[in-house]
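What follows is one structure encoded as structure tokens, with my remarks underneath.
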């Protein structure tokens with residue numbers, strides 16, 4: 001009797017956890033992950049040093065080459081970071097829809113798509 005009570009309590013409590021604490025936990029996790037990706041790409045460092053010549057050379061070609069190389073780096077790193085943002089947004093949006101999709105696919109599996 002006790003095991004039936006525990007299982008039924010967990011089954012009934014699961015949706016409340018999924019849409020409250022679980023979603024909150026994963027939103028914080030994805031936020032930390034996004035911040036970590038931003039730090040690993042060092043986008044702000046590249047932006048801050050865009051006009052600093054490479055290797056300390058101060059002629060015009062060093063400025064031009066350094067600017068072009070850093071601009072390409074900034075564009076590529078920004079594109080990578082925007083992909084990370086897109087993955088994060090998709091994960092946050094799909095979190096509340098996941099149980100509904102599972103139930104829908106189980107329905108399709110059981111009934112075979114017939115009406």
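The values are calculated or read from the model by the stated rules, or taken from the named source; none is laboratory data. Everything quoted here is computed from the prediction, not taken from an experiment. Methodologically, a virtual Cβ is constructed for each residue, glycine included, from the backbone with ideal geometry; neighbour enumeration extends over all protein chains shown.
A few notes on this one:
- Residue 24 fulfils the conditions (1) out of contact with any helix residue (DSSP H, G or I) (no Cβ under 9 Å at 6 or more places or on another chain); (2) exposed (fewer than 14 other Cβ atoms within 10 Å of the Cβ); (3) modelled with pLDDT of 90 or more; (4) farther than 21 Å from residue 90 by Cβ except for a single criterion, (4).
- Selected residue (criterion: farthest from residue 75 (Cα to Cα)) from residues of the stretch 28-56 that are under 10 Å from the mean Cα position of the chain (by Cα) and surrounded by 14 or more Cβ atoms within 10 Å (Cβ to Cβ): 30
For (1) touching a helix residue (DSSP H, G or I) at 6+ places or on another chain (Cβ under 7 Å); (2) surrounded by 11 or more Cβ atoms within 10 Å (Cβ to Cβ); (3) under 30 Å from residue 52 (Cα atoms); (4) free of Cβ contacts under 8 Å to residues at least 24 places away in the same chain, each residue gets a yes or a no:
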| position | (1), (2), (3), (4) |
| --- | --- |
| 63 | no, yes, yes, yes |
| 79 | no, no, yes, yes |
| 83 | no, yes, yes, yes |
| 88 | yes, yes, no, no |
| 97 | no, no, no, yes |
| 103 | no, no, no, yes |
| 107 | no, yes, no, yes |
| 110 | no, no, no, yes |
